[in-house]
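S.K.: Handing you this structure, nothing more for now.
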Amino acid sequence: MERHRLVRDLSQLKEVWDIIVIGGGATGLGIAVDAATRGYRVLLAERDDFAKGTSSRSTKLVHGGVRYLAQGNVKLVREALRERGHLLRNAPHLTRQQDFIVPTYSRWDKLFYGTGLLTYDLLAGRLGIGQSRFLDKQEVLQRLPLADRKGLCGGIEYFDGQFDDARLAIGLARTAAEHGAAVFNHLAVTGLLHEAKKVSGVVLRDAFSGLTYEVRAKAVVNATGVFVDDVIRMDAPDSPRLVAPSQGVHIVLERSFFPTDSALMIPKTDDGRVLFAVPWQGHVVVGTTDTPVEEVLREPLPLREEISFIIFHVNKYLRTEVRESDVRSVFTGLRPLVRAFNTGNTALLSRDHTIVVSASGLVSITGGKWTTYRKMAKDAVDNAAFVGKLGKRPCITEQLRLHGWVSNVDRQDLLVGYGADAEPIRELMKEDPLLAEQLHPGHPYTMAEVAWSFRHEMAMTVEDVLARRLRLLFLDARAAIEAAPKVEAMRARLLGGPSQLAAFLDLAKGYLP
Ligand SMILES: Cc1cc2nc3c(=O)[nH]c(=O)nc-3n(C[C@H](O)[C@H](O)[C@H](O)COP(=O)(O)OP(=O)(O)OC[C@H]3O[C@@H](n4cnc5c(N)ncnc54)[C@H](O)[C@@H]3O)c2cc1C
């Protein structure tokens, strides 16, 4: 198989890469795209799958971060709003404008949030995507029929972006590869190489063969999110921890619980969090929590009280009667918040990104958010170019169209997220009627998409397909469990190797409430 051959070739290549990127989430993939399009020779190694970490577990918002405005962080919000504008233009098939309603229960709140959101629009400048406005009580109830009526005095409508996080990651991986980057999933960095006290490369371990390879580079970038400290300690074992991880849980419900196209935003819940209910892929995503955690797990699990907290608030603000058994899926992500010493509350830690260059020249980047991945990547590559003495080359990603870009986006098309790839997928269905079959009776995914993931999107496992190429595990964990044997059969036919069914079923249990 192509991937396995390419990995084996790494050992033969005596090439010294310009940049090696560790980690294939939003940040690492953004760096690979940036570096490759500047003309640097770049290799990216992701231990699991692209976006396996935090980057598939976000609230799916391309946003400036209204709450950071309330904290007075104007610079962060302005930068994120600018990036929101670029992303919506560069990946129109994977992003869309979303209207949000903030119901208000006092005149003061209406004025406070209204003024804030008008400022939000101003900060977006020419990259704005819609004008906020005040709504009276009737308008709020028309748009959010289930909003809590008691004390409701009106609300505000504002606009942000919405996206499919894991599919954007796949889009970035493909964009990087199309510009010459060598991009690998299931290839872990297990150690760093040093020469004359400088980082000079990495040790790679292939998850399938178990073989290890040594690969050299002029600069190494550590973009491993919440795992950033593990790699920093491969370089300098006594380094203090940079990241204070905080867990955020979302629940996914059927749309019948949220019969509207508008999203709900509650600026302040009982513990001072923002709560979102956002329509997504025929379902509604509700979240999130902010729970400091000690242990950084590859598959973080929700706490029972986090699920109860979300259900309590959704019932409170939407007059619904959601029960735990109504939850179709629960997913948990870890925020790589940069540690502020002497602060106990992770809700207060910096959402901005941080770059640290070690004495040996390892460039580590963490923090930030999906929306700002492009700017983070630019900053990281500037640092890597300096450390690796690569010579300055301008960043060109501000207007770079990402893989699949199309001029006319048909939002009704079930294959909209594939952009330009939708046509070849439709061709597959015409050529082979078996591929036109649905993967699961309750969801519109087809077997053609499963085949496409294995053949063209570097999916290597049942989980890669059901969690991140198609989003079934995140939308409906039980349906994903039911669909798994069909995906495994396709995987066995196309890729071979031992069955992965049991491993997937075990993992999927963690997404059931
Ligand atoms: C609950 C929650 C909601 C969020 N919602 C939003 C939102 O709506 N909008 C928004 O803009 N942002 C949001 N964010 C923030 C955003 O998701 C993150 O900032 C972003 O995904 C971080 O990406 P990353 O690449 O830095 O980290 P990750 O996505 O975690 O990627 C790091 C990768 O490194 C890999 N790795 C680790 N160790 C190694 C190794 N040794 N070798 C190779 N690979 C390795 C991991 O497998 C992982 O894939 C949210 C975050 C959370 C937690």
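Taken together, the values in this text are just the output of simple stated rules run on the coordinates, not laboratory data. Being a predicted model, the structure only gives us computed values, none of them experimental. Every residue, glycine as well, gets a Cβ built from its backbone with ideal geometry; the counts of neighbours run over all protein chains shown.
S.K.: Output wanted: per-residue J couplings in Hz (rounded whole) for the stretch 281-290, from phi through Karplus 6.51 cos²θ - 1.76 cosθ + 1.60, θ = phi - 60°, x for Gly and Pro.
M.R.: Per-residue couplings from phi come out as 6, x, 10, 10, 9, 10, x, 9, 10, 8 Hz.
S.K.: A follow-up question, please. Counting each DSSP H run of 4 or more residues in the chain as -39500 (n - 2.57), what helix-only mean residue ellipticity at 222 nm follows after dividing by all residues, to the nearest 500 deg cm²/dmol?
M.R.: Theoretical 222 nm ellipticity from helices: -10500 deg cm²/dmol.
S.K.: When the chain is fully extended, how far beyond the present Cα-Cα distance does Glu15 get from Asp432, taking 0.36 nm per residue of separation?
M.R.: The span from Glu15 to Asp432 would gain 145.9 nm if fully extended.
S.K.: To continue, here is another question. Expressed as a whole percent, how much of the Cα-Cα distance distribution for the stretch 1-159 exceeds 27 Å?
M.R.: Beyond 27 Å sits 45 percent of the P(r) for the stretch 1-159.
S.K.: On a 0 to 90 degree scale, rounded to 10, what angle separates helix 2-12 from the longest Cα axis of the chain?
M.R.: 50
S.K.: Residue by residue, what Karplus-based ³J(HN,Hα) values in Hz, rounded to whole numbers, does the stretch 34-49 have, using 6.51, -1.76 and 1.60 with θ = phi - 60° and x for Gly and Pro?
M.R.: In residue order, the calculated couplings are 4, 5, 5, 6, 7, x, 7, 7, 10, 10, 10, 10, 10, 5, 9, 10 Hz.
S.K.: Let me ask something else. Which order do Lys369, Lys389 fall in if you start with the one that has the fewest other Cβ atoms within 10 Å?
M.R.: Lys389, Lys369
S.K.: Can you give me the Kirkwood hydrodynamic radius for the stretch 264-344, using every pair of distinct Cα atoms, in Å to one decimal? Provide the component values of the computation, followed by the final result.
M.R.: On the way: mean 1/r = 0.0703 Å⁻¹.
Over the stretch 264-344, the inverse of the mean reciprocal pair distance is 14.2 Å.
S.K.: Something else about it: Can you give me the angle between helix 304-318 and the longest principal axis of the chain, using Cα atoms only, in degrees from 0 to 90, rounded to the nearest 10?
M.R.: Computed tilt is about 40 degrees.
S.K.: Students often get this wrong, so check it: of Lys316/Lys378; Lys378/Lys486; Lys110/Lys509; Lys369/Lys509, which have C-alpha atoms separated by over 31 Å?
M.R.: Violating the 31 Å Cα-Cα cut-off are Lys316/Lys378; Lys378/Lys486; Lys110/Lys509.
S.K.: Please state the equivalent ellipsoid semi-axes for the stretch 225-369: what are the square roots of 5 times the Cα gyration tensor eigenvalues, largest first, in whole Å?
M.R.: On the way: eigenvalues 235, 41, 36 Å².
Ellipsoid half-lengths, sorted descending, are 34, 14, 13 Å.
S.K.: Which aspartates and glutamates does Lys150 reach when only Cα atoms under 18 Å apart count, and residues fewer than 8 places away in its own chain are ignored?
M.R.: Asp109, Asp136, Glu139, Asp270, Glu321
S.K.: What is the helix-to-structure angle for 477-495, meaning the angle in degrees between its Cα long axis and the longest Cα principal axis of the chain, kept from 0 to 90 and rounded to the nearest 10?
M.R.: 20
S.K.: Sorting Arg339, Arg107 on the 10 Å Cβ count, fewest up front, what's the list?
M.R.: Neighbour counts put them in this order, fewest first: Arg107, Arg339.
S.K.: Using the number of other C-beta atoms within 10 angstrom as an exposure proxy, rank Asp48, Asp413 with the fewest first.
M.R.: Ascending number of Cβ neighbours within 10 Å: Asp413, Asp48.
S.K.: If you don't mind, another one. Less than 14 Å Cβ to Cβ from Asp136, Lys/Arg counted +1 and Asp/Glu -1: what total charge do the surrounding residues give?
M.R.: Values: positive: Arg107, Lys110, Arg133, Lys137, Arg143, Arg149; negative: Glu139, Glu157.
Taking every other residue near Asp136 into account, the sum is +4.
S.K.: Also, I was wondering about something else. Grab the other residues whose beta carbon is less than 15 angstrom from that of Pro394, score K and R as +1, D and E as -1, and report the net.
M.R.: On the way: positive: Arg38, Arg374, Lys375, Lys378, Lys392, Arg393; negative: Asp34, Asp379, Asp382, Glu398.
Summing Lys/Arg as +1 and Asp/Glu as -1 gives +2.
S.K.: Per residue of the stretch 410-422, in order, report the coupling 6.51 cos²θ - 1.76 cosθ + 1.60 (Karplus, θ = phi - 60°) as ³J(HN,Hα) in whole Hz, putting x for Gly and Pro.
M.R.: Per-residue couplings from phi come out as 9, 5, 7, 5, 5, 9, 3, x, 7, x, 5, 7, 4 Hz.
S.K.: May I pose another question? Net charge around Pro92, counting only other residues with Cβ within less than 12 Å of its Cβ (Lys, Arg = +1; Asp, Glu = -1)? Could you put the intermediate results ahead of the total?
M.R.: Numbers: positive: Arg89, Arg96, Arg401, Arg411; negative: Asp410.
Net local charge, Pro92 excluded: +3.
S.K.: Could you tell me what fraction of 2.2 N^0.38 Å the Cα radius of gyration of the chain comes to, as a two-decimal ratio?
M.R.: After normalising by residue count via 2.2 N^0.38 Å, the value is 0.95.
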